[in-house]
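In what follows, a single structure is set out as structure tokens and then discussed.
The values are calculated or read from the model by the stated rules, or taken from the named source; none is laboratory data. On a predicted model such as this, the values are computed, not experimentally measured, just so you know. For neighbour counting, all protein chains shown are included, and Cβ atoms are generated from backbone atoms with ideal geometry for every residue, glycine included. Remember, those area values only see protein heavy atoms, side chains included, never the ligands or the DNA or RNA. Shrake-Rupley method; radii C 1.70, N 1.55, O 1.52, S 1.80 Å.
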Amino acid sequence: MKLSKLVCERTKEIPNDAMMKNHILLLRAGYIKQVANGIFSLSVLGQKTCNNIENIIRQEMDKVDGQEVKFPVVMPKEMWDETGRYSSIGSEMARFKDRNNHDMLLGMTHEEAAVHLARNWVNSYTNLPCMIYQIQTKFRDEPRSRGGLIRVREFTMKDAYSFHMTEEDLNDYYFKMHEAYERIYKRIGLKNNVISVKSDNGMFGGNLSHEFMYLNEFGEDELVLCENCDYKANQEVAECIYPKTEKQNLLKLEIVDTKDAKEINEVCDFLKTSAEKCIKAVVFAVKNEKNTVVCFVRGDKEINETKLRKVCKKEIVPFDASNESEFCAGNIGPKDFAVKNCEMYFDLSLKGTYNMVAGANLKNHHFVNFNLERDFGEVEFFDISKVKNGDICPVCGKKTKIFHGIEIGNIFQLGTKYSKSMKMLVKTSSGEEINPIMGCYGIGVGRNLACVVEENLDEKGICMPISIAPYKVHICPLRIDDKNVERVSNEIYNELIKKGMSVLIDDRDVFPGIKFSDADLMGMPIRVVVSPRSLEKGEVEIKERKSGEIVMEKKENAVKKIFEIISKENQN
Ligand SMILES: [Zn+2]
């Protein structure tokens, strides 16, 4: 490919919302172009790279007996009514009416379509286990699209669905898939900083699930990792463990005027105490209901909404305190709490606490020396708060640390949620009919590209891994007006093309500095520089983008040397 003909533009402009380096570099190097919020076009550079990632995914799926299929992007409401998800999924799913006034939707996940495809064809134990997968465009109307390809609304995903007769069989396959994912990340260039953590199943339902996370400070997911053992969990499901506390003397309950101190830090300042000695109240509204939920938690801890949802079994949303409410905002406490239709939950962090500060449900007043059991009564404690940096590991008891991560893949054990609701039946060897047990496995192509760039860059630009680079070789003829340079450059170019290599040649009549800085920015792994000076010795320069390693090679050996570098890299 001639660079002068490449439909992409290298630019110095950086959008205001670009935080992560991969976003800036993919835009600057012309791999992607934003069309609308969370919607991007890919140039040939972006598309070729994504094709290479997809092919690696395809190979690894085929290794675990995957069968590639394709489900439609547009599906009718009826298919999603079978599982109840047409109504249970919110506005992130795009819905529309076709010309016959029929309700349709844009797929954001394809469990329904997978069961629909398999349910009549897969009906005996002899057909199982089996796995079908697709690489397909999906649309999810994200409210918070950001970070270039990290969080988008339209994206390409590989999603796979497996069917099994027994839990054991699903379990075996699940861990084979876990290994396949690890191979994919290594092969596409994410050799470091990828971990898998246990996660919450969210809207997919089911039992065991893991998320693959790329560790990065900009990641939206919080991960709890043990400094000592192998414990890793998403904050959403991470268990809080508290050391046993010494019994203390119960001091006399007092009520004090705390003026307009409302936030925990203001109350602590006023009473000269610490957040650990306060009981914090957090109020949630229940979606589409008048009821509310109030949670009491130690002042230094935050409520984990995912855990709370599981405990209270309600769709909770943050409470809008700006409305007139019965709550005595800033002074809410367990004792003398009189709000109607409000359920109370106590976090485990309050177990074994003594002489605490708590709201008195009276304007500008707090209790001091409040003791939950003595002053309120016996309560049930639930683990509904987030793990803090330095909290105790639930496995080994040593300290945990909080990291941030970007989810680059997930695997779920679904159980029979979809096969049951969609009435998929398979005959066992004894002739009885059961709902097969399912697993599902997702990986986003664009998001992985973004993370690969984040992992493989330097101050000059992208260092694309050989395995996914859009062009493996970038030829820079310096002084294209020099006939000798032009001839040798074209010879190398043509020979590489003939041997099936993807090659870019910078045929522009520009200064060498511009050629080099563009080559560094775009990041093709091998650069060949052909200059009048090196040709005096019959040599060309071959440079590896990532290591910066340079060799001078006889021009007739250049192609052989390039193949050597690539085969060496492929072995790593
Ligand atoms: Zn541990």
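Would you check if Glu495 is touching a residue at least 40 places away in the same chain (Cβ under 8 Å), surrounded by fewer than 24 Cβ atoms within 10 Å (Cβ to Cβ) and not assigned by TED's automatic domain parsing to the domain that holds Asn123?
yes
Candidates in segment 313-352 are the residues that are of a type in the set (Val, Ile, Thr) and touching a residue at least 40 places away in the same chain (Cβ under 8 Å); of these, the one that is farthest from Lys277 (Cα to Cα) is Val339.
Can you name every residue in segment 417-444 that is without any contact (Cβ under 8 Å) to a residue 60 or more places away in the chain and either touching a helix residue (DSSP H, G or I) at 6+ places or on another chain (Cβ under 9 Å) or within 16 Å of the ligand (Cβ to nearest atom) (or both)? Scanning segment 417-444 gives a single hit, Asn435.
The rows are residues; the columns are (1) open to solvent by 60 Å² or more (accessible area, probe 1.4 Å); (2) in a helix (DSSP H, G or I).
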site: Asp62; (1), (2): yes, yes
site: Arg99; (1), (2): yes, no
site: His116; (1), (2): yes, yes
site: Val122; (1), (2): no, no
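Kindly evaluate Asn369 against the criterion of being modelled with pLDDT under 95, away from the ligand (no atom under 16 Å from the Cβ), within 28 Å of Asn304 (Cα to Cα) and polar (S, T, N, Q). No: the conditions fail for Asn369. Out of all the residues in segment 291-312, is one or more open to solvent by 10 Å² or more (accessible area, probe 1.4 Å), in a loop (DSSP other than H, G, I, E, B) and free of Cβ contacts under 8 Å to residues at least 24 places away in the same chain? Checking segment 291-312: not a single residue is open to solvent by 10 Å² or more (accessible area, probe 1.4 Å), in a loop (DSSP other than H, G, I, E, B) and free of Cβ contacts under 8 Å to residues at least 24 places away in the same chain.
Taking residues in segment 223-251 that are within 19 Å of Phe370 (Cβ to Cβ), and partners anywhere that are near the ligand (Cβ under 10 Å from one of its atoms), the pairs with Cβ atoms closer than 8 Å and at least 6 places apart or on different chains are Tyr242/Ile392. Can you find a residue that is over 25 Å from Gly38 (Cα atoms), open to solvent by 70 Å² or more (accessible area, probe 1.4 Å) and in a strand (DSSP E or B) anywhere in segment 65-80? Yes, the conditions are met somewhere in segment 65-80.
Of the residues making up segment 353-371, those that are open to solvent by 30 Å² or more (accessible area, probe 1.4 Å), in contact (Cβ under 8 Å) with a residue 60 or more places away in the chain and not polar (S, T, N, Q) are Tyr354, Leu362, His365. Per this entry, Asp347 is not counted among residues that are closer than 24 Å to Cys268 by Cα, open to solvent by 80 Å² or more (accessible area, probe 1.4 Å) and in the same structural domain as Glu263 (by TED's automatic domain parsing). Taking the numbered list (1) within 18 Å of Val357 (Cα to Cα); (2) open to solvent by 70 Å² or more (accessible area, probe 1.4 Å); (3) in contact with an Asp or Glu (Cβ under 6 Å, 6 or more places away or on another chain) in turn, Thr245 passes all entries but (3). Scanning segment 550-572 for residues being without any contact (Cβ under 8 Å) to a residue 12 or more places away in the chain and either closer than 22 Å to Ile188 by Cβ or touching a Pro at 6+ places or on another chain (Cβ under 8 Å) (or both) gives a total of 4.
Of the numbered criteria (1) open to solvent by less than 40 Å² (accessible area, probe 1.4 Å); (2) of a type outside the set (A, V, I, L, M); (3) within 30 Å of Leu149 (Cβ to Cβ); (4) touching a residue at least 60 places away in the same chain (Cβ under 8 Å), the one Arg447 fails is (1). Reported count of residues in segment 511-532, each being surrounded by 14 or more Cβ atoms within 10 Å (Cβ to Cβ), part of a loop (DSSP other than H, G, I, E, B) and within 42 Å of the chain's Cα centre (by Cα), is 3. Under the condition of being surrounded by fewer than 15 Cβ atoms within 10 Å (Cβ to Cβ) and more than 30 Å from Asn37 (Cβ to Cβ), the residues counted in segment 141-175 number 4. If we scan segment 239-246, do we find a residue that is within 16 Å of the ligand (Cβ to nearest atom), under 35 Å from the mean Cα position of the chain (by Cα) and aliphatic (A, V, I, L, M)? Yes, that holds for at least one residue.
Restricting the search to segment 248-290, which residues are of a type in the set (Phe, Trp, Tyr) and either open to solvent by 50 Å² or more (accessible area, probe 1.4 Å) or in a helix (DSSP H, G or I) (or both)? Listed by number, the list holds a single entry, Phe270.
What number of residues in segment 424-444 are out of contact with any Lys or Arg (no Cβ under 6 Å at 6 or more places or on another chain) and either open to solvent by less than 10 Å² (accessible area, probe 1.4 Å) or under 30 Å from Lys499 (Cβ atoms) (or both)? Count: 7. Looking across segment 1-24, the residues that are closer than 24 Å to Val510 by Cα and open to solvent by 90 Å² or more (accessible area, probe 1.4 Å) come down to Lys2, Lys5, Val7, Glu9, Lys12, Glu13.
With respect to the stated conditions, Asp159 fails to be more than 25 Å from Val452 (Cβ to Cβ) and away from the ligand (no atom under 16 Å from the Cβ).
For segment 379-393, the criterion of being more than 16 Å from the ligand (Cβ to nearest atom), farther than 22 Å from Glu302 by Cβ and either β-branched (Val, Ile, Thr) or over 27 Å from the mean Cα position of the chain (by Cα) (or both) is met by no residue. Could you please let me know if Leu535 is surrounded by 22 or more Cβ atoms within 10 Å (Cβ to Cβ) and of a type outside the set (S, T, N, Q)? Here the answer is no, as Leu535 does not meet what is asked.
Scanning segment 394-416 for residues that are away from the ligand (no atom under 16 Å from the Cβ) and open to solvent by less than 50 Å² (accessible area, probe 1.4 Å) yields Gly405, Ile406, Glu407, Ile408, Gly409, Asn410, Ile411, Phe412, Gln413, Leu414, Gly415, Thr416. Residue count for segment 215-238 satisfying the condition of being more than 19 Å from Phe412 (Cβ to Cβ) and either within 16 Å of the ligand (Cβ to nearest atom) or not acidic (Asp, Glu) (or both): 12.
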